[in-house]
Amino acid sequence: MREIEFSVMEGRPGKAQKMLPLLEAFEKEYQIRVKLTGISWITGWSDIAKFGIFGSGPDVSCVGSTWLGSLAAMRAIRPFNFQQVRALGGEEAFFKPSWKSGFLPDEEAPYGIPWLGDAIAIYYFKDALAKAGIKDTQAAFSTDAAFVETLKELQKAGYKYPLALTTTGINPVVLHEAAHWLWTAGGKFVGSNSRHVTFTQPDAMQGWRNYFSLLPYISPDSLGVEFVGDLFATGNAAIHLGGPDFGIVQRKSKPEWQENLGIAPVPGITFVGGASLVIWNYSKNSDAAFELVRYLSSHSLSIPASPQGSELPTLCEALNLPSVKNDIFERTFLQALQTGRSFPTIRLWGSIEEKLVVCIRNIWADLFANPSQDLDSCLHKYLDPLASHLNNVLDN
């Protein structure tokens, strides 16, 4: 019997083991044994990069979609050919933002197949908005300006810090959240030729201003919280920008959330990410590896899409699931996957992302320490040197 190795990202040690029944079913049907390896998200990029650098490791990996550009530029992963794409249902089978994340600029073949989708939506507690006299919840989050007015009304109603927003940590979630404000203001992170960054251009700077102007509504305690959603879950905030976990998984185990937890789409453009399946160039079992990719892709048509997480399916067919039609949470997230935007798939995006996360974290810490300082001066103090450094790197 042929044997291949499959690595998957896991939030906690051992969580990947929930994949075993699915892989055992694959083995029974295809006579291909799969060795499963779990990789922590904390050390994920360094572990994944080593596979490409040393040319040794799993045959198939589930990797963060924002890592594809760097891996493809290293020529560490192989592109999927036309016949393979058709066997997967063609590009039309997938949500467009997720599908586009697999391509390097000006290349026609994808390096990754979308498997697990992630997006951001607005969670709120209905009783908090009612206390603030907000009756039209749809209008309350219809624009960024309306969003700020809603926060002001919540403060008047007694919620000192109504917004739970990520402000610290090494997790790229802080950048995922910030991207909405930059994109909605017309800004971009990288120029069209991928040779320079553009996050200090006028439109982008307006987006940063809008984002960091939320400071008065965010608790300073967020700087010391590993997961800012905990401030929301414990009732210390009334609104939270978050991924599918609260609405898709945790809501079902919290009776008090059944009627009180609400959800709304992020106005404008929201971040879409997730994880993709890749086949390593060094694999000597590429045919068997592709069979696993095809099998996993076809078995992700459920919510959650994976036995080990809260991620979403990336297949358009998921829109026809009965649960989506009846569940506002599932429907909101799948709509976000259709209309959102992913980060650019370029060779050095991993480095850009890592440095931007640190930069955003430092700006928040500085603003909380000195909230009366001039915002523009603070932004330029951190963003301008970073842009200059990254432009030198990209140009070389």
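Here, each number is a calculation from the coordinates, and none is a lab measurement. Predicted, not measured: the structure shown is a model, and the values here were computed from it. Positions of Cβ are generated from backbone atoms using ideal geometry, with glycine treated the same way; all protein chains shown enter the neighbour counts.
Can you tell me the equivalent ellipsoid semi-axes for the chain? Use √(5λ) from the Cα gyration tensor, largest first, whole Å. They are 36, 26, 18 Å, listed largest first. Separation of region 190-229 and region 264-278, taken as the distance between their Cα centroids, equals 17 angstrom. Size of region 222-262: Rg and Dmax of its alpha carbons, in Å, are 10.3, 30.
Note on T234 and K381: the model spin-label points, each 7 Å out from Cα along the C-beta direction, lie 3.0 nm apart. Under 5 Å from the amide H of A119 lie the amide H atoms of G273, each residue being 5 or more positions distant or on a separate chain, with H modelled from the backbone and absent for Pro and chain starts. Take the residue pairs K35/K254; K50/K325; K96/K160; K50/K100; K15/K156; K18/K325 and return only those whose Cα atoms are more than 32 Å apart. As for pairs spanning more than 32 Å Cα to Cα, those are K35/K254; K50/K325; K96/K160; K15/K156. Residue by residue, region 55-62 carries 3J(HN,Hα) couplings of x, 8, x, x, 7, 10, 9, 9 Hz when phi is fed to the Karplus relation 6.51 cos²θ - 1.76 cosθ + 1.60 (θ = phi - 60°); x denotes Gly or Pro. Each residue of region 251-261 was assigned a 3J(HN,Hα) from its phi angle through the Karplus expression (A = 6.51, B = -1.76, C = 1.60, θ = phi - 60°), giving 4, 6, 10, 10, x, 5, 8, 4, 9, 9, 7 Hz with x at Gly and Pro.
In sequence order, region 27-33 has phi-based couplings of 4, 5, 7, 10, 6, 10, 7 Hz under the Karplus curve 6.51 cos²θ - 1.76 cosθ + 1.60, θ = phi - 60°, and Gly or Pro positions carry x. Candidate cross-link partners of K381 among the lysines, defined by an alpha-carbon separation under 21 Å and a same-chain spacing of 8 or more, comprise K188, K355.
In a shell of Cβ-Cβ distance under 13 Å around R209, excluding R209 itself, what net charge do Lys and Arg (+1) and Asp and Glu (-1) give? Local net charge: -4.
Mind checking which of F103, F329, F26 has the largest fluctuation in a GNM of the chain, springs on alpha carbons under 10 Å? With Cα springs under 10 Å in the chain, the top fluctuation among F103, F329, F26 is at F26. The amide H of S40, built 1.01 Å from its N in the peptide plane, has E10 as neighbours under 5 Å, considering only residues 5 or more places off or on other chains.
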